[in-house]
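A.B. asks: This is the structure I have questions about; it appears just below.
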Amino acid sequence: MSENTIQVRINQALHTLAAGATLADAVAKAAIQPPFAAAVNLQFVPRGQYAQHTLAHDDQIELIAPITGG
């Protein structure tokens, strides 16, 4: 890892992103298809804030798809 990158976990898998990356960048890296919800360090992040939510080294990101069938 260099000073130009950070490491984050997306659904427990380690990923390297550029320093200053946002949640939108992490979602793109994960290539998950909607619908899903996102949380960073167990805090829900509304979809409209993904591009403004800057990530930090060691952030834990969960991308959770809904389960149908109740």
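A.B. asks: Could you tell me what fraction of 2.2 N^0.38 Å the Cα radius of gyration of the range 1-62 comes to, as a two-decimal ratio?
C.D. replies: After normalising by residue count via 2.2 N^0.38 Å, the value is 1.01.
A.B. asks: Going toward the positive end of the dipole of the chain, with +1 on Lys and Arg Cβ and -1 on Asp and Glu Cβ, which of L14, F36, T54 do you reach last?
C.D. replies: The listed residue farthest towards the positive side: F36.
A.B. asks: Next up: Using DSSP to call loops (not H, G, I, E or B), can you name the chymotrypsin sites (Phe, Trp or Tyr not before Pro) in the range 26-65 whose Cβ has at most 16 other Cβ atoms within 10 angstrom?
C.D. replies: F36
A.B. asks: Using 7 Å Cα-to-Cβ label points, what is the A37/T68 separation (nm, one decimal)?
C.D. replies: Label at A37, label at T68, 1.8 nm between them.
Readers should treat all values here as calculations from the given coordinates under stated rules, not as data from a laboratory. Small disclaimer: the values here were computed from a predicted structure and weren't measured. No Cβ is skipped: glycine too gets one built from the backbone with ideal geometry, and neighbour counts run over all protein chains shown.
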